[in-house]
Amino acid sequence: MEINMHKKLLEIKNLHVSFFTPAGEVKAVGGIDYDLYSGEVMGIVGESGSGKSVEAYAIMGLLQSPGRVTGGSIKFEGRDVLAFTSKEQQSFRGNEVSMIFQNPMTCLNPVYTIGNQLIEAVCCHDVIPKNQAEARAIEMLTLVGINNPEQRMKQYPHELSGGMRQRVMIAMGLVCDPKILIADEPTTALDVTIQAQIIELMKEIQKLTGMAIIFITHNLGVVAEICDKVSVMYAGKIVEQGCVEDIFYKPKHPYTLGLLKSMPRVDEEQHERLIPIEGTPVDMLNPPPGCPFGPRCGFCMKICLRQEPPQIEVGDCHTAACWLLVDDAEKEAADAQ
Ligand SMILES: Nc1ncnc2c1ncn2[C@@H]1O[C@H](COP(=O)(O)OP(=O)(O)OP(=O)(O)O)[C@@H](O)[C@H]1O
Ligand code: SF4
Ligand SMILES: [Mg+2]
(Lines give C-alpha, C1' and ligand atoms only; values in the text may rest on other atoms or scores of the structure.)
(Ligands and ions follow the chains in the order given, each with its own letter.)
Protein backbone atom coordinates (compact mmCIF):
# COMPACT_ATOMS: atom_id res chain seq x y z
CA MET A 1 0.00 0.00 0.00
CA GLU A 2 1.33 3.45 -0.90
CA ILE A 3 1.40 5.67 2.14
CA ASN A 4 0.74 9.36 1.71
CA MET A 5 2.49 10.83 4.75
CA HIS A 6 1.39 14.38 4.04
CA LYS A 7 -2.36 14.12 3.76
CA LYS A 8 -4.09 16.03 6.51
CA LEU A 9 -6.64 13.68 8.04
CA LEU A 10 -7.77 15.47 11.15
CA GLU A 11 -7.89 19.15 11.98
CA ILE A 12 -8.95 20.13 15.48
CA LYS A 13 -9.43 23.82 16.20
CA ASN A 14 -10.16 25.44 19.55
CA LEU A 15 -12.15 22.43 20.74
CA HIS A 16 -14.10 22.90 23.97
CA VAL A 17 -15.98 20.14 25.80
CA SER A 18 -17.92 20.64 29.03
CA PHE A 19 -19.89 18.45 31.40
CA PHE A 20 -22.93 20.19 32.84
CA THR A 21 -23.15 18.56 36.27
CA PRO A 22 -25.49 19.49 39.15
CA ALA A 23 -22.44 21.03 40.87
CA GLY A 24 -21.66 23.22 37.85
CA GLU A 25 -19.87 23.22 34.48
CA VAL A 26 -16.74 21.06 34.25
CA LYS A 27 -14.65 22.43 31.38
CA ALA A 28 -12.96 19.12 30.61
CA VAL A 29 -11.38 20.31 27.35
CA GLY A 30 -10.67 24.01 27.16
CA GLY A 31 -9.62 24.95 23.62
CA ILE A 32 -7.23 22.52 22.01
CA ASP A 33 -5.75 22.62 18.52
CA TYR A 34 -3.86 20.05 16.49
CA ASP A 35 -3.54 18.48 13.05
CA LEU A 36 -2.96 14.83 12.33
CA TYR A 37 -1.50 13.64 9.03
CA SER A 38 -1.65 10.19 7.50
CA GLY A 39 1.04 7.85 8.75
CA GLU A 40 1.67 9.96 11.86
CA VAL A 41 1.61 8.68 15.42
CA MET A 42 0.67 11.35 17.91
CA GLY A 43 0.98 10.85 21.64
CA ILE A 44 -1.33 12.61 24.06
CA VAL A 45 0.15 12.64 27.56
CA GLY A 46 -0.97 14.19 30.79
CA GLU A 47 -2.04 13.19 34.25
CA SER A 48 -5.35 11.67 35.18
CA GLY A 49 -8.29 14.01 34.55
CA SER A 50 -6.44 16.23 32.06
CA GLY A 51 -9.04 15.59 29.34
CA LYS A 52 -7.26 13.02 27.18
CA SER A 53 -10.15 10.56 26.89
CA VAL A 54 -12.87 13.21 26.69
CA GLU A 55 -11.09 14.75 23.72
CA ALA A 56 -10.96 11.34 22.02
CA TYR A 57 -14.65 10.67 22.72
CA ALA A 58 -15.48 14.04 21.16
CA ILE A 59 -13.71 12.99 17.93
CA MET A 60 -15.52 9.65 17.94
CA GLY A 61 -18.91 11.25 18.68
CA LEU A 62 -19.11 9.12 21.83
CA LEU A 63 -19.59 11.88 24.40
CA GLN A 64 -22.44 11.09 26.71
CA SER A 65 -24.76 13.43 28.54
CA PRO A 66 -24.07 15.63 30.51
CA GLY A 67 -21.04 16.15 28.26
CA ARG A 68 -21.08 18.08 24.99
CA VAL A 69 -18.87 19.99 22.63
CA THR A 70 -19.35 23.67 23.46
CA GLY A 71 -17.04 25.23 20.90
CA GLY A 72 -14.49 24.78 18.15
CA SER A 73 -14.35 22.36 15.26
CA ILE A 74 -13.24 18.86 14.31
CA LYS A 75 -12.63 18.24 10.61
CA PHE A 76 -11.87 14.90 9.02
CA GLU A 77 -10.50 15.17 5.47
CA GLY A 78 -12.07 18.62 5.38
CA ARG A 79 -15.54 17.43 6.49
CA ASP A 80 -17.15 18.83 9.61
CA VAL A 81 -17.35 15.89 12.02
CA LEU A 82 -19.55 17.80 14.48
CA ALA A 83 -22.19 18.34 11.79
CA PHE A 84 -22.40 14.64 10.81
CA THR A 85 -25.84 13.04 10.82
CA SER A 86 -26.06 9.89 12.95
CA LYS A 87 -25.71 7.79 9.77
CA GLU A 88 -22.59 9.70 8.71
CA GLN A 89 -21.28 9.42 12.25
CA GLN A 90 -21.76 5.66 12.17
CA SER A 91 -20.00 5.33 8.85
CA PHE A 92 -17.16 7.59 10.10
CA ARG A 93 -16.72 5.38 13.16
CA GLY A 94 -17.02 2.19 11.18
CA ASN A 95 -14.85 2.99 8.20
CA GLU A 96 -12.50 5.88 8.90
CA VAL A 97 -11.61 5.87 12.57
CA SER A 98 -11.70 3.31 15.34
CA MET A 99 -10.82 3.30 19.00
CA ILE A 100 -9.30 0.78 21.34
CA PHE A 101 -10.01 1.18 25.01
CA GLN A 102 -8.04 0.71 28.19
CA ASN A 103 -9.89 -2.28 29.52
CA PRO A 104 -10.80 -4.93 26.93
CA MET A 105 -13.18 -6.69 29.32
CA THR A 106 -15.50 -3.68 29.25
CA CYS A 107 -15.64 -3.82 25.45
CA LEU A 108 -15.68 -7.55 24.75
CA ASN A 109 -18.99 -9.26 25.40
CA PRO A 110 -18.39 -12.11 27.88
CA VAL A 111 -21.23 -14.27 26.51
CA TYR A 112 -20.07 -14.37 22.88
CA THR A 113 -17.01 -16.11 21.49
CA ILE A 114 -14.10 -14.10 20.14
CA GLY A 115 -15.00 -15.40 16.68
CA ASN A 116 -18.63 -14.24 16.92
CA GLN A 117 -17.58 -10.77 17.99
CA LEU A 118 -14.90 -10.40 15.34
CA ILE A 119 -17.16 -11.71 12.56
CA GLU A 120 -19.88 -9.29 13.65
CA ALA A 121 -17.35 -6.44 13.56
CA VAL A 122 -16.29 -7.48 10.02
CA CYS A 123 -19.91 -7.72 8.85
CA CYS A 124 -20.73 -4.28 10.32
CA HIS A 125 -18.23 -2.76 7.92
CA ASP A 126 -18.52 -4.89 4.81
CA VAL A 127 -21.35 -6.73 3.17
CA ILE A 128 -19.52 -10.02 2.70
CA PRO A 129 -20.47 -13.69 3.04
CA LYS A 130 -19.97 -15.29 6.46
CA ASN A 131 -17.13 -17.59 5.36
CA GLN A 132 -15.21 -14.62 4.01
CA ALA A 133 -15.89 -12.69 7.21
CA GLU A 134 -14.52 -15.64 9.16
CA ALA A 135 -11.40 -15.73 7.00
CA ARG A 136 -10.93 -11.98 7.57
CA ALA A 137 -11.35 -12.44 11.35
CA ILE A 138 -8.71 -15.19 11.35
CA GLU A 139 -6.43 -13.00 9.24
CA MET A 140 -6.79 -10.19 11.81
CA LEU A 141 -6.03 -12.50 14.75
CA THR A 142 -2.92 -13.72 12.93
CA LEU A 143 -1.87 -10.13 12.23
CA VAL A 144 -2.00 -9.27 15.93
CA GLY A 145 0.15 -12.28 16.79
CA ILE A 146 -2.45 -14.64 18.24
CA ASN A 147 -1.35 -18.23 17.80
CA ASN A 148 -3.75 -20.92 16.76
CA PRO A 149 -6.39 -18.36 15.65
CA GLU A 150 -8.96 -20.93 14.47
CA GLN A 151 -9.06 -22.36 17.99
CA ARG A 152 -9.16 -18.88 19.63
CA MET A 153 -12.19 -17.96 17.54
CA LYS A 154 -14.16 -20.57 19.50
CA GLN A 155 -13.09 -19.27 22.90
CA TYR A 156 -14.78 -16.77 25.20
CA PRO A 157 -13.00 -13.60 26.42
CA HIS A 158 -12.46 -15.00 29.95
CA GLU A 159 -10.50 -17.90 28.47
CA LEU A 160 -7.79 -15.57 27.16
CA SER A 161 -5.00 -13.82 29.05
CA GLY A 162 -5.07 -10.01 29.48
CA GLY A 163 -2.43 -9.55 26.77
CA MET A 164 -4.37 -11.75 24.34
CA ARG A 165 -7.62 -9.88 25.03
CA GLN A 166 -5.84 -6.61 24.30
CA ARG A 167 -4.58 -8.11 21.03
CA VAL A 168 -8.17 -9.12 20.17
CA MET A 169 -9.25 -5.52 20.87
CA ILE A 170 -6.58 -4.27 18.48
CA ALA A 171 -7.78 -6.79 15.88
CA MET A 172 -11.36 -5.46 16.33
CA GLY A 173 -10.05 -1.92 15.89
CA LEU A 174 -8.32 -2.91 12.68
CA VAL A 175 -11.04 -4.90 10.89
CA CYS A 176 -12.37 -1.79 9.17
CA ASP A 177 -8.88 -0.79 7.98
CA PRO A 178 -9.22 2.64 9.64
CA LYS A 179 -7.33 5.73 8.55
CA ILE A 180 -7.03 6.74 12.20
CA LEU A 181 -6.76 4.47 15.22
CA ILE A 182 -7.29 6.05 18.63
CA ALA A 183 -5.66 3.96 21.33
CA ASP A 184 -6.69 5.08 24.82
CA GLU A 185 -4.20 3.67 27.34
CA PRO A 186 -4.18 0.33 25.53
CA THR A 187 -1.39 -1.14 27.63
CA THR A 188 -1.76 0.21 31.17
CA ALA A 189 -3.60 -2.87 32.44
CA LEU A 190 -0.82 -5.17 31.24
CA ASP A 191 2.50 -6.17 32.73
CA VAL A 192 5.63 -4.52 31.37
CA THR A 193 6.76 -7.33 29.07
CA ILE A 194 3.33 -7.67 27.46
CA GLN A 195 3.12 -3.85 27.22
CA ALA A 196 6.35 -3.85 25.22
CA GLN A 197 5.02 -6.59 22.92
CA ILE A 198 1.77 -4.71 22.28
CA ILE A 199 3.64 -1.46 21.54
CA GLU A 200 5.95 -3.34 19.16
CA LEU A 201 2.90 -4.89 17.51
CA MET A 202 1.19 -1.52 17.05
CA LYS A 203 4.38 -0.08 15.55
CA GLU A 204 4.57 -2.94 13.06
CA ILE A 205 0.90 -2.69 12.10
CA GLN A 206 1.20 1.08 11.73
CA LYS A 207 4.12 0.66 9.32
CA LEU A 208 2.25 -2.01 7.39
CA THR A 209 -1.04 -0.15 7.02
CA GLY A 210 0.14 3.47 7.09
CA MET A 211 -2.75 4.45 9.37
CA ALA A 212 -2.39 7.41 11.72
CA ILE A 213 -2.53 6.69 15.46
CA ILE A 214 -3.54 8.89 18.38
CA PHE A 215 -1.89 7.21 21.33
CA ILE A 216 -3.21 8.31 24.73
CA THR A 217 -1.00 7.43 27.67
CA HIS A 218 0.42 8.44 31.05
CA ASN A 219 3.68 6.84 30.08
CA LEU A 220 6.33 9.02 28.46
CA GLY A 221 8.48 5.93 27.86
CA VAL A 222 5.78 4.56 25.56
CA VAL A 223 5.62 7.91 23.77
CA ALA A 224 9.36 7.82 23.07
CA GLU A 225 8.94 4.31 21.73
CA ILE A 226 6.10 4.81 19.27
CA CYS A 227 5.21 8.48 18.63
CA ASP A 228 6.33 11.04 16.04
CA LYS A 229 4.82 14.02 17.83
CA VAL A 230 3.40 14.72 21.24
CA SER A 231 0.73 16.90 22.83
CA VAL A 232 1.15 17.43 26.54
CA MET A 233 -2.19 18.10 28.22
CA TYR A 234 -2.81 19.78 31.54
CA ALA A 235 -6.25 20.69 32.91
CA GLY A 236 -8.00 20.36 29.56
CA LYS A 237 -5.44 22.31 27.56
CA ILE A 238 -2.47 21.42 25.41
CA VAL A 239 0.37 23.16 27.24
CA GLU A 240 3.13 21.97 24.92
CA GLN A 241 3.20 20.35 21.51
CA GLY A 242 6.07 19.27 19.32
CA CYS A 243 7.90 16.38 17.72
CA VAL A 244 9.19 13.71 20.10
CA GLU A 245 12.75 15.09 20.02
CA ASP A 246 11.50 18.60 20.96
CA ILE A 247 9.53 17.30 23.91
CA PHE A 248 12.30 15.03 25.25
CA TYR A 249 15.38 17.14 24.52
CA LYS A 250 14.09 20.73 24.35
CA PRO A 251 11.05 20.86 26.65
CA LYS A 252 9.87 24.42 27.29
CA HIS A 253 6.91 24.11 29.61
CA PRO A 254 7.52 23.59 33.36
CA TYR A 255 4.87 20.86 33.43
CA THR A 256 6.62 18.91 30.64
CA LEU A 257 9.91 19.36 32.52
CA GLY A 258 8.23 18.01 35.64
CA LEU A 259 6.88 14.99 33.75
CA LEU A 260 10.34 14.22 32.37
CA LYS A 261 12.00 14.55 35.78
CA SER A 262 9.47 12.17 37.28
CA MET A 263 10.16 9.52 34.65
CA PRO A 264 12.85 6.84 35.06
CA ARG A 265 15.51 6.96 32.32
CA VAL A 266 17.58 4.00 31.22
CA ASP A 267 19.53 5.89 28.58
CA GLU A 268 21.60 7.99 30.98
CA GLU A 269 24.74 6.72 32.70
CA GLN A 270 24.20 8.68 35.90
CA HIS A 271 20.75 7.99 37.17
CA GLU A 272 19.24 11.19 38.53
CA ARG A 273 16.83 11.06 41.43
CA LEU A 274 13.20 11.04 40.28
CA ILE A 275 11.34 14.17 41.31
CA PRO A 276 7.54 13.93 41.50
CA ILE A 277 5.43 16.95 40.54
CA GLU A 278 4.29 18.49 43.85
CA GLY A 279 0.68 19.46 44.48
CA THR A 280 -2.63 18.11 43.32
CA PRO A 281 -4.36 18.23 39.93
CA VAL A 282 -6.67 21.12 39.17
CA ASP A 283 -10.25 21.00 40.50
CA MET A 284 -11.95 21.28 37.11
CA LEU A 285 -15.13 22.66 38.69
CA ASN A 286 -13.18 25.59 40.14
CA PRO A 287 -10.03 26.01 38.08
CA PRO A 288 -7.62 28.71 39.25
CA PRO A 289 -7.46 31.99 37.31
CA GLY A 290 -4.47 32.46 35.01
CA CYS A 291 -2.17 29.57 34.18
CA PRO A 292 -3.78 26.29 35.32
CA PHE A 293 -0.35 24.97 36.36
CA GLY A 294 0.36 28.13 38.43
CA PRO A 295 -0.37 26.68 41.90
CA ARG A 296 2.11 23.82 41.28
CA CYS A 297 4.74 25.65 39.23
CA GLY A 298 8.16 26.42 40.70
CA PHE A 299 8.57 29.32 38.24
CA CYS A 300 5.20 30.93 38.89
CA MET A 301 5.19 34.75 38.52
CA LYS A 302 2.52 37.26 39.48
CA ILE A 303 1.18 37.45 35.98
CA CYS A 304 0.73 33.66 35.85
CA LEU A 305 -1.88 33.84 38.60
CA ARG A 306 -3.81 36.58 36.78
CA GLN A 307 -3.82 35.75 33.11
CA GLU A 308 -3.64 32.65 31.00
CA PRO A 309 -0.39 32.38 29.02
CA PRO A 310 -0.58 32.54 25.21
CA GLN A 311 0.67 29.72 22.96
CA ILE A 312 4.18 30.67 21.87
CA GLU A 313 5.93 29.20 18.86
CA VAL A 314 9.32 28.06 20.07
CA GLY A 315 10.45 26.09 17.03
CA ASP A 316 9.25 24.39 13.88
CA CYS A 317 5.93 22.79 14.89
CA HIS A 318 6.89 23.29 18.56
CA THR A 319 4.63 25.43 20.76
CA ALA A 320 4.25 25.94 24.49
CA ALA A 321 1.89 28.03 26.60
CA CYS A 322 3.97 29.68 29.31
CA TRP A 323 4.67 33.27 30.36
CA LEU A 324 8.37 32.42 30.74
CA LEU A 325 8.57 32.32 26.96
CA VAL A 326 7.19 35.84 26.53
CA ASP A 327 9.91 38.53 26.56
CA ASP A 328 7.96 41.28 28.23
CA ALA A 329 5.22 39.24 29.85
CA GLU A 330 3.62 42.06 31.89
CA LYS A 331 3.44 44.38 28.87
CA GLU A 332 2.14 41.63 26.61
CA ALA A 333 -0.59 40.80 29.13
CA ALA A 334 -1.59 44.45 29.50
CA ASP A 335 -1.81 44.85 25.69
CA ALA A 336 -3.96 41.74 25.43
CA GLN A 337 -6.52 43.12 27.90
N1 LIG B 1 -19.46 12.02 32.94
C2 LIG B 1 -18.75 13.01 33.45
N3 LIG B 1 -19.30 13.94 34.27
C4 LIG B 1 -18.59 14.96 34.79
N5 LIG B 1 -17.28 15.17 34.54
C6 LIG B 1 -16.66 14.29 33.75
C7 LIG B 1 -17.34 13.17 33.17
N8 LIG B 1 -16.45 12.46 32.42
C9 LIG B 1 -15.27 13.12 32.54
N10 LIG B 1 -15.39 14.19 33.33
C11 LIG B 1 -14.34 15.15 33.71
O12 LIG B 1 -13.61 15.49 32.56
C13 LIG B 1 -12.24 15.67 32.90
C14 LIG B 1 -11.37 14.93 31.92
O15 LIG B 1 -11.60 13.53 32.04
P16 LIG B 1 -10.86 12.47 31.15
O17 LIG B 1 -11.55 11.17 31.35
O18 LIG B 1 -10.73 12.97 29.76
O19 LIG B 1 -9.41 12.43 31.81
P20 LIG B 1 -8.14 11.61 31.31
O21 LIG B 1 -7.08 12.60 31.00
O22 LIG B 1 -8.54 10.66 30.24
O23 LIG B 1 -7.76 10.84 32.66
P24 LIG B 1 -7.22 9.33 32.86
O25 LIG B 1 -5.77 9.41 32.57
O26 LIG B 1 -7.51 9.05 34.30
O27 LIG B 1 -7.96 8.42 31.93
C28 LIG B 1 -12.07 15.20 34.33
O29 LIG B 1 -11.92 16.33 35.15
C30 LIG B 1 -13.33 14.47 34.63
O31 LIG B 1 -13.71 14.67 35.96
S1 SF4 C 1 2.82 30.42 32.83
FE2 SF4 C 1 3.77 30.73 34.81
S3 SF4 C 1 2.76 29.27 36.19
FE4 SF4 C 1 2.30 28.64 34.09
S5 SF4 C 1 3.85 27.16 33.63
FE6 SF4 C 1 4.63 29.12 32.90
S7 SF4 C 1 5.82 29.96 34.60
FE8 SF4 C 1 4.59 28.27 35.42
MG1 LIG D 1 -8.69 8.57 30.14
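The values are calculated or read from the model by the stated rules, or taken from the named source; none is laboratory data. Just so we're clear, the structure is a prediction, and the values are computed from it rather than from any experiment. Reconstructed Cβ throughout: ideal geometry from the backbone, glycine too, with neighbour counts over all protein chains shown. Surface areas here come from the heavy atoms of the whole protein model, side chains and all, with no ligands, DNA or RNA. Shrake-Rupley method; radii C 1.70, N 1.55, O 1.52, S 1.80 Å.
If the cut-off is 25 Å between C-alpha atoms, which lysines fall inside it for residue 154, apart from same-chain ones fewer than 8 positions away?
In chain and number order, the partners are 130.
Taking the Cα centre of the chain as the origin, how large is its charge dipole in debye, to the nearest 20, when only Lys and Arg (+1) and Asp and Glu (-1) carry charge on their Cβ atoms?
For the chain, the charge dipole is close to 780 debye.
Under a 1.4 angstrom probe, counting protein chains only, how are 306, 273, 296 ranked by accessible area, largest first?
273, 306, 296
Let me spell out the model: positive unit charges on the Cβ of Lys and Arg, negative unit charges on the Cβ of Asp and Glu, origin at the Cα centre of segment 76-228. What dipole size does that give, in debye rounded to 20?
280
Give the carbon-plus-sulfur fraction of the accessible surface of the chain in %, rounded to a whole number; probe 1.4 Å, heavy atoms of protein chains only.
That share works out to 52 percent.
Summing Lys, Arg as +1 and Asp, Glu as -1, what charge do residues with Cβ under 11 Å from the Cβ of residue 37 carry, residue 37 excluded?
That works out to 0.
Accessible area per residue for the chain in Å², computed with a 1.4 Å probe and the full protein assembly in place, what is it?
Value returned for the chain: 50 Å² of accessible area per residue.
Could you work out which residue, out of 279, 258, 43, moves most in a Gaussian network model of the chain, that is, has the largest mean-square fluctuation with Cα springs under 10 Å?
Its mean-square fluctuation being the largest, the pick is 279.
First check a/c for segment 83-127, with a ≥ b ≥ c the square roots of the eigenvalues of its C-alpha gyration tensor; if it is under 1.5, answer rounded, and if not, answer prolate when a/b is larger than b/c or oblate otherwise.
Taking the square roots of the gyration eigenvalues as a ≥ b ≥ c, segment 83-127 is oblate.
If I ignore ligands, DNA and RNA and count only protein heavy atoms, how much of residue 111 is accessible to a 1.4 Å probe, in Å² to the nearest 10?
Surface accessible to solvent at residue 111 totals approximately 100 Å².
How many angstrom lie between the Cα centre of segment 192-222 and the Cα centre of segment 61-105?
Their Cα centres are 22 Å away from one another.
Given the rule -39500 (n - 2.57) for each run of at least 4 DSSP H residues, summed and divided by the residues of the chain, what is its mean residue ellipticity at 222 nm, to the nearest 500 deg cm²/dmol?
-9500 deg cm²/dmol
Ordering 256, 142 by how much accessible area each has at a 1.4 Å probe, largest first, what is the list?
Heavy-atom accessible area, descending, gives 142, 256.
Whole-Hz Karplus ³J(HN,Hα) for segment 291-302, in order, using 6.51 cos²θ - 1.76 cosθ + 1.60 and θ = phi - 60°, x for Gly and Pro?
Per-residue couplings from phi come out as 6, x, 8, x, x, 10, 8, x, 10, 4, 10, 4 Hz.
For segment 223-240, take each phi angle, set θ = phi - 60°, evaluate the Karplus expression 6.51 cos²θ - 1.76 cosθ + 1.60, and give the result in whole Hz per residue in order, putting x for glycine and proline.
My calculation for segment 223-240 gives 4, 4, 6, 10, 8, 8, 9, 9, 10, 9, 9, 9, 6, x, 10, 8, 8, 8 Hz in order.
Just check segment 156-201 against the gyration tensor rule for me: Cα atoms, a ≥ b ≥ c as the square roots of the eigenvalues, rounded for a/c under 1.5, and otherwise prolate or oblate depending on whether a/b exceeds b/c.
oblate
By accessible area of protein heavy atoms, probe 1.4 Å, what ranking do 6, 125 get, highest first?
Ranking 6, 125 by accessible area, largest first, yields 6, 125.
Would you kindly enumerate the cysteines in the chain that have no other Cys beta-carbon under 4.7 Å from their beta-carbon?
107, 123, 124, 176, 227, 243, 317, 322
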